[in-house]
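A short write-up of the structure that comes next.
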Amino acid sequence: MVLNSLAIDPGRIWKGGWRWFSEEMLDCCESLDRIRKQGISFDKLACLASCNGASVDTWRALGKESDEEHFRAAVKDVVQKSDRFMIVSYARSVLGQTGEGHFSPIAAYHEKSDRVLIMDTARFKYPPHWVPIRLLVKAMQKPSCEKSSRGYMTLTRSSGDGSPTSSVLFVLTLRQGFDESALRNIRRFFQSVKSEKQRKMPFGDDAKVPSCKICSRDGREMNVYVSCFLSAVPAELLNAVTTVVNEFRVGSEDFGEISVRPKYQEIVNELLRDIRDLPVYAHVARAAKDHSKRLEGILEASHGLELLTVLLLAAPVKDLSECGRRVNLVMRESEDNASEIVRNEIKALRNQLWIVFNPREKMS
């Protein structure tokens with residue numbers, strides 16, 4: 001609801017000619033199956049917004065009298081702006097409603113009665129309704145099942161102009177079975193991939209890191225770098241990065257003269273062609289042959305080599321200078337000289353990878 005209100009372009013088709021976000025697209029931080037069964041936490045919801053093109057600021061209730069004053073000021077500020085929206089996390093029981101933890105956006109504020117209008121996302125249960133600020137703050141102060149306080153988050157468009165911030169074809173999808181162990185493995189990989197010299201990991205002595213040399217100065221450094229990347233990239237990450245397939249189910253015959261599928265396929269074909277023209281693509285194709293057994297699943301899928309190329313470039317690695325001049329040059333040239341559609345694809349996937357797997361620090 002909020003992503004669409006911010007007019008963020010998902011870069012993908014919903015139905016007909018409409019490019020809207022739908023729930024099926026929001027699985028970059030938690031598997032949809034798990035969300036349906038267990039719900040979603042405050043932090044994971046903020047993650048979903050961030051990796052789908054929104055800038056997010058969060059605030060948690062402190063359980064103090066100052067909470068009410070702070071929240072009232074924040075509400076007054078946000079309802080006066082058309083480019084910023086607020087989502088509140090609260091306990092329904094405090095409002096006398098059935099259920100417990102819930103998220104809904106704030107639509108308006110009535111100063112005379114000191115109430116906010118909640119656009120309840122579960123409309124089958126409750127229509128939009130007015131709630132006193134004081135009562136809503138108490139509902140936010142009630143600890144969640146994770147023993148942490150609730151609160152609110154404000155969302156704006158990260159791109160500023162609403163241009164596509166989600167991938168056209170390659171997306172991060174956390175399927176059923178993705179767990180904390182998989183998350184740790186991928187975080188270890190991204191920390192170890194920067195340089196063979198950075199071997200000490202913050203996860204304990206038993207942490208597994210790639211045993212091969214990621215960097216090489218023997219004249220074959222680019223091939224060595226790509227080969228080691230593909231040999232060491234966790235299987236969980238390969239399973240998490242996939243291609244968008246729901247658009248291909250859209251048939252133009254279902255929507256009269258609206259020819260959605262051919263248009264989308266034209267964009268995809270342009271993207272794939274431009275990826276194959278990248279300097280690094282040939283290195284990926286060569287290295288993939290050497291690791292064909294390990295990469296069997298992804299190579300058998302549509303556009304496997306193109307996916308691996310984008311993943312290599314999107315990997316949230318700060319500094320490749322220690323991996324040799326050739327590696328640094330080819331990687332930079334591949335992205336800097338890429339077409340706009342490829343750069344957007346790399347940027348969108350990198351943003352998702354960084355938000356989900358590297359929350360401890362911000363990249364420059």
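The values are calculated or read from the model by the stated rules, or taken from the named source; none is laboratory data. The structure presented is a predicted model; accordingly, all values stated were derived computationally and were not measured. Every residue, glycine among them, receives a Cβ derived from its backbone with ideal geometry; neighbour counts consider all protein chains shown. For accessibility, only protein heavy atoms count, side chains too; no ligands or nucleic acids. Shrake-Rupley method; radii C 1.70, N 1.55, O 1.52, S 1.80 Å.
Near residue 84: Cβ cut-off under 10 Å, other residues only, Lys/Arg at +1 and Asp/Glu at -1. The net charge is -1. Label-to-label distance, residue 333 versus residue 107, with points set 7 angstrom from Cα along the beta-carbon direction: 5.6 nm. Whole-Hz Karplus values for segment 57-71 come out as 10, 10, 9, 10, 4, 9, x, 10, 4, 5, 4, 5, 5, 4, 5 Hz, taken residue by residue from phi with 6.51 cos²θ - 1.76 cosθ + 1.60 and θ = phi - 60°; glycine and proline positions read x. Measuring with a 1.4 angstrom probe and ignoring ligands and nucleic acids, residue 20 comes out at about 100 Å² accessible. Over every pair of different alpha-carbon atoms in segment 1-143, take the mean of 1/r and invert it; report that Kirkwood radius in Å. Answer for segment 1-143: a Kirkwood hydrodynamic radius of 16.3 Å. Taking 7 Å steps out from each Cα toward its Cβ at residue 129 and residue 145 produces label points 2.2 nm apart. Of 290, 77, the residue with the largest accessible area leads and the full order is 290, 77 (1.4 Å probe).
With the simple spin-label model, which puts each label point 7 Å out from Cα in the Cβ direction, the residue 65 to residue 285 separation comes to 7.2 nm.
From the square roots a ≥ b ≥ c of the eigenvalues of the alpha-carbon gyration tensor of segment 27-86, which class results: rounded (a/c under 1.5), prolate (a/b over b/c), or oblate? It comes out oblate by the Cα gyration axes. Residue 150 exposes around 20 Å² of accessible area when a 1.4 Å probe is run over every protein chain in place. Net charge of the neighbourhood of residue 36, taken over other residues with C-beta under 12 Å away and scored Lys/Arg +1, Asp/Glu -1, is -3. The length gained by stretching the chain between residue 179 and residue 122 to full extension, at 0.36 nm per residue less their Cα-Cα distance, is 17.7 nm.
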